[in-house]
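Below is one structure, written out as structure tokens, with a few remarks after it.
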Amino acid sequence: MKTHQALQTISSGHGYLEAPRWHDGRLWASDFFGHHVLTFDADGNQTTFATFEESPSGLGFLEDGSVLVVLLDPAKKKIVRIASDGSVSEHADIAHVAGGMANDMLVSPTGHAYVGNFGFDILAEDPKPTNLAHVTPEGEVRRVDGDVTFPNGAALSADRRTLFLAETFGHRIDAFDVNDDGSLTNFRVWAKLDESMHPDGIALDTEGGVWFGNGLTDGPESGFYRVDETGEITDSVLVPDAWAVACTFGGPELDVLYMLCNATTLEQFGQGKSDGTVRTAQVNRRGVPQ
């Protein structure tokens, strides 16, 4: 396994950062505890794009320039749409699918959204399975077949025919076939991970590897890892001082791995306490555009 050491912090002083996306030449991310969606330039200079009463999580973009945002709220499980004029409307409610708070989301180039959820109370209950939600461009919500335990980050293959999904408490990366109508079928385990691994946000490189943050860990195994279809871990970027939460490839050539790291514990997370940073590394690979 190759370990990449050249970590650089480009932005700090945040709450709990999640859902990194490279879009329109900028890095986008949600801050759970800051209640806002941020954008960053290549040097880490930040701009606040939107602020909410609830905590924002998953992010995605539609062809008309609007932005979809998942809002975390125990009583509400919804995705809102921010139009190019700044107006906000409800795009979908996934309450009948989600077994816990709505969480991360992938939005395809054709406007289909795939939304995960906790599935259980992470601070009070044992893990239990739930289902991924498929939201059509029109806002119709469908349950995706396949029991998954804490469905989290997702990524699309270069040909848009395969969706990869991280199961944080399933300790694995799954795959689905993506059909012409955006539906997901042929659910399968793509790579089984060691039980010490809790994959959170993921990114796909052009050589077919899936990079994932090993979330919920702040010890020596905390970091970002690359796994191939055999289940072999081929690369790592260690982050021993924080939870390695989510990553994405960015930059003009999609050759920079952007990583969101949060110094917290489960207890502190429940109290809304975290010290979030944006870090980068050169891992000698390029990402698949999402």
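The values are calculated or read from the model by the stated rules, or taken from the named source; none is laboratory data. On a predicted model such as this, the values are computed, not experimentally measured, just so you know. Cβ placement follows ideal geometry from the backbone for every residue including glycine, while neighbour counts extend to all protein chains displayed. Remember, those area values only see protein heavy atoms, side chains included, never the ligands or the DNA or RNA. Shrake-Rupley method; radii C 1.70, N 1.55, O 1.52, S 1.80 Å.
Which whole-Hz ³J(HN,Hα) couplings does the stretch 181-190 yield from phi under the Karplus relation 6.51 cos²θ - 1.76 cosθ + 1.60, θ = phi - 60°, glycine and proline marked x?
8, x, 5, 10, 9, 6, 4, 7, 7, 8
Starting from the Cα gyration tensor of the stretch 113-192, take the square roots of the eigenvalues, sort them a ≥ b ≥ c, and report rounded, prolate or oblate (rounded when a/c is under 1.5, otherwise prolate if a/b is larger than b/c, else oblate).
It is oblate, given that a/c is not under 1.5 and a/b is not larger than b/c.
So which residue, out of Leu260, Leu163, Leu132, gets the largest mean-square fluctuation from a GNM of the chain using Cα contacts under 10 Å as springs?
Between Leu260, Leu163, Leu132, it is Leu163 that shows the largest mean-square fluctuation.
In terms of solvent-accessible area of protein heavy atoms at a 1.4 angstrom probe, what is the ranking of Asp205, Asp121, Asp73, highest value first?
Asp121, Asp73, Asp205
Name the aspartates and glutamates eligible as straight-distance cross-link partners of Lys78: C-alpha to C-alpha under 19 Å, and not fewer than 8 places from it in the same chain.
Reachable aspartates and glutamates: Glu18, Asp31, Glu53, Glu54, Glu90, Asp93, Asp104, Asp121, Glu138, Glu140.
As an exercise, use a Förster radius of 41 Å and the Cβ-Cβ distance of Glu90 and Lys128 to find the FRET efficiency, rounded to the nearest 0.05. Intermediate values should be presented prior to the final figure.
Details: r = 28 Å, r/R0 = 0.67.
Once rounded, the FRET efficiency stands at 0.90.
Express the relative contact order of the chain as a whole percentage, based on alpha carbon pairs under 8 Å and six or more residues apart in sequence.
Across the chain, relative contact order equals 17 percent.
Anything over 27 Å Cα to Cα? Flag those among Lys192/Lys273; Lys76/Lys128; Lys128/Lys273, in the order listed.
With Cα atoms farther than 27 Å apart: Lys192/Lys273.
Would you please give the FRET efficiency between Thr3 and Val189, computed as 1/(1 + (r/R0)^6) with r the Cβ-Cβ distance and R0 = 30 Å, to the nearest 0.05?
The calculated FRET efficiency here is 0.70.
With the other protein chains left in place, how much accessible area per residue, in square angstrom, belongs to the chain at a 1.4 angstrom probe?
Numbers: 11630 Å² over 290 residues.
Using a 1.4 Å probe on heavy atoms only, each residue of the chain averages 40 Å².
Choose one answer from Ala19, Ala102, Ala92: the residue with the largest mean-square fluctuation in a GNM of the chain with alpha-carbon springs under 10 Å.
Ala92
First compute the accessible area of the stretch 1-111 with a 1.4 Å probe, then give the percent of it belonging to carbon and sulfur atoms.
45
Which longest run of the chain has no exposed loop site in it, a site being GluC sites (Glu not before Pro) in a DSSP loop with at most 14 other beta carbons within 10 Å, and the site itself not part of the run?
After excluding every exposed loop site, the longest remaining stretch is 64-124.
Express in nm, to one decimal, how much length is gained between Asn179 and Asp147 on full extension, taking 0.36 nm for each residue of separation and deducting their alpha carbon distance. Walk me through the numbers before you get to the answer.
Numbers: separation 32, 0.36 × 32 = 11.52 nm, distance 1.92 nm.
In short, 9.6 nm is gained.
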